[in-house]
Every structure is written in structure tokens, then in C-alpha cells.
Amino acid sequence: MADMLLQIAGVLIFFAIVFGVARLVIGRTAIDRVVAIDMLTVVSIALIALYAHLSGRFVYIDVALVYGLLSFLAVLAIARFLEKGP
Amino acid sequence: MELTGSILVLTGAFFLFSAGLGLLRMPDTFTRIQAGTKASTLGNILVLAGLGFYHPDWALKLLVVAYFVLMTNPLSSHALSRAAHAIRTPMAPSTMVDALREEGDRQGNGDVS
Amino acid sequence: MLELLVILICGSILVSGVLAVWLDNLMAAMVSAGLASLFAAVSYVLLAAPDVAMAEAAIGSGLSTLIFLYAIRRTGGGRE
Amino acid sequence: MKAASSLLAVLLFGAVFAGIVGGYGERESVSALAEQYLAMVPRELGAPNVVTGILITYRGFDTLGEVAVLFMVAAGVGVLLGGKDTTTASEPGREPRRPSELVGNGAEITLPLIFLFGAYVIKNGHLSAGGGFQGGAVVASGTMLLMLALPATKLNHGFLGVTESLAGVVYVGIGILGLVFAAGFLDSHILPLGEFGTLISAGAIPVISALLGVKVGAELSVIIDRFRN
């Protein structure tokens, strides 16, 4: 039962990534693409944590930590440049 | 214990899925920013909480990850929506009120944050 | 299911890399390049190399984006 | 032309990935060399993380070369982009916009966390995933946040340069100490191995890791700051 629920969760995360990449391809403006990358980083944190559970290795959580702490820097930099900052 | 954890993970994955759906289907940039940030933050935290039920000895580090996401994700999306507003990204036709622009007009410089 | 995820991640690297070459707007192209490096880090985790994934996540998606941005500003590009 | 080259790139990568996808499966066993390393590193070096153990001791000379390459890059960027400050040459009427108050406050909270996490990654290099390069990159990302959110800050290039050079000199000095007191250049047995799996263990590996972290962090920070001005 529990394993099946995790499988369904994996399928849902799969479709979330598919939708995010679709928004990146459709785009329209640069900001839309940046929103896609912002969402996809958070989804990848969840994916890495889930994979750490599936493989049973605690070390992978460290990578999720790096993502959670540093992934917003790229979005912040692009936002600051788009509004003609430094 | 495991059932609770898996149900939490499933709920979080559903929120992540709805974040992706909102990103694809919302009419303009600002609503997309809202959908992509709020739903994905909640979904991520729920997934981490569910994994904490599976492995109680990982709980501290998962909590730290959730805290970091909670700290950094709103920051980046705030900066992003501010940039989108500053370069006058078109809004959906159903948007009635632009309070930030009205405030800027009242102060006469068009630059409030 | 894991094979499907690996295929998805590799396909996303492919799509974002092609998009980075294709797009005319320099900002959007750079965002696509950053996404390619993000998915590369995820695939490193799936291939059991957390050390490399850490370095890729820190350098590829953060620092190199900033250096590209400063380079675009210096050359006066990205002003469409 | 552009479309044709893009199509060619897609086809080539498709061919590469098709081979990988067709034969993908998680490897059940490790190769003979990997097995030997997996047995040898925890026994001889006392480091649970095999990758960092190999990088810092068996291939220590290699790592020294990588750091030298990074140093060359920093020096080259300094020669090309250093010198006069060109930030005053921005066009009139396009005053750089200040970051919002929320970003400034958030950065003040997040910045100590990033530096603390960088120190954690550097110090835990021999225990779990991480090490000097990764930690240095995290520290440099902290510097990047500092520049984005608080643009008025100025980096002290002299101090960073002296720190980085000192770290490099101590690194080579530890290597020579290994030549004198232990088996060879950059041998980590100049310090006692200690208890397996604790923070202070594995000989000189944590020391070298910390030096690498300081050096990489300082160099990447200087490179970013050169690009900014």
C-alpha cells in the first residue's frame, strides 16, 4: 500500500517536471522561463529527497541542502538584471 | 507510521503537480509566479515531512532543508515579480487593480518597492 | 519507474540545451543553459555521484549564471 | 545555418543517449579497481568518504595542479579586467535600481547560513559528500548573494589575495612535510589517524581540505568581483 502511494507520487512529480519544461519551451517572455526554472528547482529538491529514500542513502540529502540554499541565487541574479540593477 | 508518511508524500506530490499545472495553464506572468511558488513550496515541505516519518533519524536534516526552502523561495519570487512589474509585463485582461502602480503614481516617481 | 525518470531528466537536458542555442533573447538563452546544468546535477545524483552533483549545483547554476550576466552587461547585449 | 547546426546537435546527442537509454540499468557490482579503493581508503587513510580520500592523497598532486589552474584563471581575469573602476560609466537617466528592502533583509538572514553551510561542507569532506572544492563554491555563492543584495559592499582584494597565497604556500608546505616525515609528497600520515568516523581523524586530510576550501572560495570571489567592476 505505502509503496504504491510512493509510486503514484513519483508519477505526479514526473508530470510536474514535464509541465515545467513545457512552460520553458513555450515561454513567450523571459520572465516566464525564469518562473519555470524557479519551480523546477523546488521540484528537484523533492525528487532528490525521494530518491534518497528509495536508495536508502543519507548522503543525498546534502545535495538537496545545496539546492535549497543556492538555487535561488540564479533567479535573484536574473531578476536584478532584468530590472536594470547592477 | 509508513502509511502516514506515504500519504503525506502523496499529498505533497499532488501539490507539486498542481504547481506544474498552474505554471502551464495560468493566463499571465504574475499568476504563474504565484502558482509556481506557493504550491511548490507547500508540496516540497509536505514531501520532506513525509520522508521524516519514514526515517526519524533523518528528521533534523530534512527540517533544515525545509527551513532553507521556506527562507529562500519567497525571496527569489518576490524579486522576480518586482522585476516583472518594473519592466511592465502585460497582465491578464481580467486584472482590475494594480495597487503598486497606483501607489507609485501617487508618490510621483513610479518607483516603490 | 526510475528508468522513466532518468529518460525524462536526460530529455530535459537535451531540450534546454537546444533551446539555449535556438533562442534569440540572450537572457532566455542563459536561463535555459542554467536549467541544463540543474538537470545535469539531478542526473548525477541519480547516477550515485553526490560530490559531483554538489559542485555542479553550486558552480553551474549559480556562479556561471552570474558571470554570464556580467559578460552580457559588459558587451551591451540583451537589450532587445 | 543555425537551424541546421541545431538539428545536427540534436541528432548527435540523440544517438548518444539512445545507446545509454537502451542499456541503462543500475550496476550491481563494482569493478576490480573500485573494489580495491573501497577496501584500501578506509583502512589506510581512515576516511569514510572514498572520493575525497582519493582526491586529496593518492591524487594529491593532481589536485594541486587543479588549484594551480584556478589560480592561473584568477590571475588572467585580473590582468584582463582589473585596473580602473568602470562602474561610473553608466548612461545618464538609467540610475541603477536599488534592491528592495525585503531582498536586503532576507540576504542578511541567509548570508550567515550560507557561510556556515560552506564551512560545514568543507569540514565534513572526509566523512560525507563534500570537500574543499564544493565548500569553496558554496562560500563564493555567499559572496555572490552579498553582491546582488547589498551592492554597496566592496571586497578587500589585497586581503583575499594574501589569504589565498598563504593557503597555497601552506598546502605545498604540508606536501613537503609529507616528503620529510612520511612516505612521499602530500602523504596524509604526518598526523595521527585518530578514531574512524569522527570529525578530527584521517590524518592531514581535513587540514588540506580546509586549505583547499579557503583557496577556492577566495579565488572565485575575486573572479566574480573582477567581473562586476
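The values are calculated or read from the model by the stated rules, or taken from the named source; none is laboratory data. What you are looking at is a predicted structure, and each value in this text was computed from that prediction instead of being measured. Glycine also receives a Cβ, built like all others from the backbone with ideal geometry; neighbour counts cover every protein chain displayed. Note: accessible area is taken over every heavy atom of the protein model, side chains too, but ligands, DNA and RNA are not part of it. Shrake-Rupley method; radii C 1.70, N 1.55, O 1.52, S 1.80 Å.
How do C:1, B:1, C:54, D:40 stack up against each other in accessible area, from largest to smallest, with a 1.4 angstrom probe?
Working: C:1 75, B:1 140, C:54 5, D:40 40 Å².
Listed by decreasing accessible area, they come as B:1, C:1, D:40, C:54.
Report, as an integer, the average count of C-beta atoms from other chains found within 10 Å of each Cβ along C:31-40.
Across C:31-40, the average partner-chain Cβ count within 10 Å equals 5.
If the only charges are +1 at each Lys and Arg Cβ and -1 at each Asp and Glu Cβ, what is the size of the charge dipole of chain D around the Cα centre, to the nearest 20 debye?
Numbers: 13 positive and 16 negative charges, 113 e Å.
Result for chain D is approximately 540 debye, rounded to the nearest 20.
For a test of understanding, tell me how many lysine pairs in chain D have Cα atoms under 26 Å apart, given they are 8 or more places apart or on different chains.
Details: D:84/D:154; D:84/D:215; D:123/D:215; D:154/D:215.
For chain D, the number of qualifying lysine pairs is 4.
Give the peptides D:61-72, C:37-48 in descending order of average Cβ contacts within 10 Å, highest first.
Values: D:61-72: 14.5, C:37-48: 21.7.
Order by mean packing, descending: C:37-48, D:61-72.
After finding the eigenvalues of the alpha carbon gyration tensor for the range C:2-75, what semi-axes result from the square roots of 5 times each, listed largest first in whole Å?
Numbers: eigenvalues 118, 51, 5 Å².
For the range C:2-75, the semi-axes come out at 24, 16, 5 Å.
Please report the relative contact order for the range B:2-107, taking Cα pairs under 8 Å with a sequence separation of at least 6, and give it as a percent rounded to a whole number.
Working: 92 pairs, mean separation 32.7, N = 106.
That works out to 31 percent.
Please compute P(r) over all alpha-carbon pairs of chain A, binned at 10 Å starting from zero, and give each bin as a whole-number percent.
16, 37, 31, 12, 3, 0
For the C and D pair, go ahead and give the buried accessible area with a 1.4 Å probe, both sides summed, in Å² to 100.
In total, this chain pair buries about 2500 Å².
How big is the range C:1-42 by the Kirkwood estimate over distinct Cα pairs, in Å?
Working: mean 1/r = 0.0964 Å⁻¹.
Here the Kirkwood hydrodynamic radius works out to 10.4 Å.
Please work out whether chain D counts as rounded, prolate or oblate from its C-alpha gyration tensor, where a ≥ b ≥ c are the square roots of the eigenvalues and a/c under 1.5 means rounded, while otherwise a/b larger than b/c means prolate and anything else oblate?
On the way: a/c = 1.96, a/b = 1.28, b/c = 1.53.
Here chain D falls in the oblate category.
What's the local net charge at residue B:96, with K and R +1, D and E -1, over the other residues with C-beta under 14 Å away? Write down the numbers at each step before the final one.
On the way: positive: B:101; negative: B:28, B:98, B:102.
Around residue B:96, the charge tally is -2.
Provide the buried accessible surface between chains C and A in square angstrom, both chains summed, 1.4 Å probe, rounded to the nearest 100.
Working: alone 5810 and 6630 Å², together 9260 Å².
Adding both sides of the contact gives about 3200 Å².
Quick one: order B:26, C:30 from most to least accessible surface, probe 1.4 Å.
B:26, C:30
Net charge within 12 Å of residue A:36 by Cβ-Cβ distance, Lys/Arg positive one each and Asp/Glu negative one each, not counting residue A:36 itself? Please list the in-between numbers first.
Numbers: positive: A:23, A:28, A:33, B:32; negative: A:32, A:38.
Residues near residue A:36 contribute +2 overall.
Measure off, as a whole percent, the carbon and sulfur share of the 1.4 Å-probe accessible area of the range C:2-75, all protein chains present. Kindly include the intermediate steps, with their values, before the conclusion.
Values: 1890 of 2560 Å².
With neighbouring chains kept in place, the figure for the range C:2-75 is 74 percent.
Could you check how much of the accessible area of the range A:2-82 is carbon and sulfur, as a whole percent, using a 1.4 Å probe? Spell out each step's value before the answer.
Details: 1360 of 1980 Å².
For the range A:2-82, the apolar C and S fraction of the accessible surface comes to 68 percent.
What's the magnitude of the charge dipole for the protein assembly as shown around its Cα centre, counting Lys and Arg as +1 and Asp and Glu as -1 at the beta-carbon? Answer in Debye, nearest 20.
Details: 30 positive and 34 negative charges, 231 e Å.
Roughly 1120 debye for the protein assembly as shown.
With all protein chains present, calculate the accessible area of residue B:57 using a 1.4 Å probe and round the result to the nearest 10 Å².
Result for residue B:57: roughly 120 Å² accessible.
Enter the accessible area per residue of the protein assembly as shown (Å², integer; probe 1.4 Å; all protein chains in place). Before the final figure, lay out the partial values.
Details: 23050 Å² over 508 residues.
Result: 45 Å² per residue.
For the charge dipole of chain B, defined by +1 on Lys and Arg C-beta atoms and -1 on Asp and Glu C-beta atoms about the Cα centroid, which residue among B:48, B:24, B:72 has the Cα displaced farthest towards the positive pole?
The residue sitting farthest along the positive end of the dipole is B:24.
Suppose every K and R has +1 on its Cβ and every D and E has -1 on its Cβ; what is the size of the dipole of the range B:2-107 about the Cα centre, in Debye to the nearest 20? Provide the component values of the computation, followed by the final result.
Details: 8 positive and 7 negative charges, 39 e Å.
Magnitude of the dipole: close to 180 debye.
Ordering B:60, D:148, C:14 by how much accessible area each has at a 1.4 Å probe, largest first, what is the list?
Values: B:60 130, D:148 5, C:14 45 Å².
If we order B:60, D:148, C:14 from most to least accessible, we get B:60, C:14, D:148.
Would you work out if the range D:108-229 is rounded, prolate or oblate? Take a ≥ b ≥ c from the square roots of the eigenvalues of the alpha-carbon gyration tensor; rounded if a/c is under 1.5, else prolate when a/b is larger than b/c, oblate otherwise.
Oblate is the answer for the range D:108-229, as a/c is 1.5 or above yet b/c matches or exceeds a/b.
Using a ≥ b ≥ c from the Cα gyration tensor of the range B:2-107 (square roots of the eigenvalues), is it rounded, prolate or oblate, where a/c under 1.5 gives rounded and otherwise the larger of a/b and b/c decides, a/b for prolate? Walk me through the intermediate numbers first.
Details: a/c = 4.15, a/b = 2.16, b/c = 1.92.
Since a/c reaches 1.5 and a/b is larger than b/c, the shape of the range B:2-107 is classed as prolate.
For q = 0.09 Å⁻¹, what log10 I(q)/I(0) does the protein assembly as shown give under the Debye formula with an equal point scatterer on each alpha carbon and no solvent?
These q points yield log10 I(q)/I(0) values of -0.67.
Over all residues in B:42-54, what is the mean tally of Cβ atoms on other chains that come within 10 Å of each residue's Cβ? Could you put the intermediate results ahead of the total?
On the way: counts 0, 6, 10, 2, 1, 9, 7, 0, 7, 7, 1, 0, 3.
Mean inter-chain Cβ contacts per residue within 10 Å come to 4.
Among D:183, D:102, B:3, which residue has its Cα furthest toward the positive end of the charge dipole of the protein assembly as shown, with +1 on Lys/Arg Cβ and -1 on Asp/Glu Cβ?
D:102
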